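Here the structure comes first, spelled out in structure tokens, and everything after it is commentary.
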Amino acid sequence: MTPLDHIIRERIELDGPMRVSDFMQICLLHPEHGYYVKNPAFGVQGDFTTAPEISQMFGELLGLCLAQAWMDQGAPADFHLLELGPGRGTLMSDILRATRSVPGLHRAADITLLEASETMQKRQQHTLSGYQVKWISSLGELAEKPIFVVANEFFDALPIRQYVRVGDVWHERLIGLQDDELGFGLSPIAQTSDYLQTRLSDTQDGDIVEVSEATQSVTGQLSKRIQTHGGCALIIDYGGWTSKGDTLQAVADHQYSNVLHALGDADLTAHVDFEQIASASRCQVSNMCTQQDLLERLGISHRTQTLVTSAANEVQKNDVISAYRRLTHEKEMGTLFKAISLFPQNGPCPAGFEA
Ligand code: SAH
């Protein structure tokens, strides 16, 4: 048993069954034993890898998209260049390299990272040592100025609550102890909310729906700032429109594992429900598209060609081609990952997205 196993069992014995959201929060961010606090094995060699770790092209294209959006909104002289959940800092580093020659952009950019784990902050500091970077732990710390935001695989780490339909009412799925083993059960009292009520029309007895209050809160705050001060947000993650079913998953060493085992040693995520992002937004929202469509529209084929032509040898050439495939092919990340953008009402929609 891991230290977190003991901590979570003790809490359940004391307070009763636990919400999935509290379980996720503790497993990922417990101040001592949380997955992201304990120096997670991250990247190509680690538990899981992400698009910016696969190829520099991902960050370069998003960087140019952000730069174009900044220019389309009159190139404001002071803005937050904000990343949510920056991991190893690779994405921000690629964004900054790709935008180096955009006149005035770096001078105007107040590079800001929202990161909950000090361990990850240290890694980001190391990767971004050539830049002046600020960390925040909540969006309330942002100044009143435009925000140009990127979030890749951030929302999938935010806690979700799960509800199970029983007849025509919903019960919350909770984690409790049965015969000294952690297991899932249902809250005794039926749960109601306008959202759960609307989901009676597209679900059946026994179906699970997931709700992320944290996602709604972050999107609400970002979108209000974008509407008031200008800017945009590019959000990329795996998931879909109106998710249904249990999508909570644990991954360690590139393998799925049991979410109730090895607590704190596996990454714990859930599919992102893009409809919940769109409906919590207080600014304009683009259509959701696939990562494949976004990257193709931003010119990934052309960029791949350029890198292949300038590759020093066959190995490098094959690396670029295989990265292109991993990012865009439907059997890889191309269609499982989706993208959406937020921008001001009546303002220009960021390049690569469709309003
Ligand atoms: N965007 C990166 C890393 C994704 S992993 C990439 O594409 O490679 C998720 C990141 O979000 C990690 O840095 C993790 O520490 C951070 N994180 C997770 N939950 C968070 C929260 N509630 N608030 C802020 N950061 C969080």
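The values are calculated or read from the model by the stated rules, or taken from the named source; none is laboratory data. None of the values given here were measured: they were computed from a predicted structure. Quick reminder, even Gly has a Cβ in these numbers, built from the backbone with ideal geometry, and neighbours come from all protein chains shown. SASA here: full protein model, heavy atoms, side chains in, ligands and nucleic acids out. Shrake-Rupley method; radii C 1.70, N 1.55, O 1.52, S 1.80 Å.
Residues considered: G130, G183. Of these, the only one that is more than 14 Å from the ligand (Cβ to nearest atom) and touching a Leu at 6+ places or on another chain (Cβ under 8 Å) is G183.
One residue stands out among those in segment 221-242 that are closer than 24 Å to V164 by Cα and of a type outside the set (A, V, I, L, M, F, W, C): the one that is most open to solvent (accessible area, probe 1.4 Å), which is T242.
The listed residues are G63, G59, G85, and the only one of them that is open to solvent by 20 Å² or more (accessible area, probe 1.4 Å), closer than 27 Å to Q227 by Cα and at pLDDT 95 or above turns out to be G85. Among the residues of segment 155-178, the one identified as away from the ligand (no atom under 16 Å from the Cβ) and under 18 Å from A280 (Cβ atoms) is Y163. Summed over segment 243-265, the residues that are within 19 Å of P31 (Cα to Cα) and open to solvent by 10 Å² or more (accessible area, probe 1.4 Å) give a count of 2.
Each residue in segment 130-158 was checked for being open to solvent by less than 20 Å² (accessible area, probe 1.4 Å), within 30 Å of T192 (Cα to Cα) and assigned to a loop (DSSP other than H, G, I, E, B), and 0 pass. Mind listing whichever residues of segment 14-48 are assigned to a loop (DSSP other than H, G, I, E, B), without any contact (Cβ under 8 Å) to a residue 60 or more places away in the chain and open to solvent by 20 Å² or more (accessible area, probe 1.4 Å)? Across segment 14-48, the qualifying residues are P31, E32, V44, Q45.
Within the span defined as segment 270-277, every residue fails to be of a type in the set (G, A, S), open to solvent by less than 20 Å² (accessible area, probe 1.4 Å) and modelled with pLDDT under 95.
In the set (1) within 23 Å of F155 (Cα to Cα); (2) open to solvent by 60 Å² or more (accessible area, probe 1.4 Å), the condition left unmet by Q305 is number (1). Determine, yes or no, whether D207 is away from the ligand (no atom under 16 Å from the Cβ), farther than 13 Å from W170 by Cα, of a type in the set (D, E) and open to solvent by 10 Å² or more (accessible area, probe 1.4 Å). Against the criterion (away from the ligand (no atom under 16 Å from the Cβ), farther than 13 Å from W170 by Cα, of a type in the set (D, E) and open to solvent by 10 Å² or more (accessible area, probe 1.4 Å)), D207 does not qualify.
Of all the residues in segment 170-190, those that are assigned to a strand (DSSP E or B) and either surrounded by fewer than 15 Cβ atoms within 10 Å (Cβ to Cβ) or among the small types (G, A, S) (or both) number 5.
Listed here are the residues, each with its yes/no results for (1) away from the ligand (no atom under 15 Å from the Cβ); (2) of a type outside the set (A, V, I, L, M, F, W, C).
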residue	(1), (2)
I8	yes, no
P17	yes, yes
S21	no, yes
F48	no, no
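Tallying residues that are in contact (Cβ under 8 Å) with a residue 24 or more places away in the chain, among the charged types (D, E, K, R) and open to solvent by 20 Å² or more (accessible area, probe 1.4 Å) within segment 1-13 yields 2.
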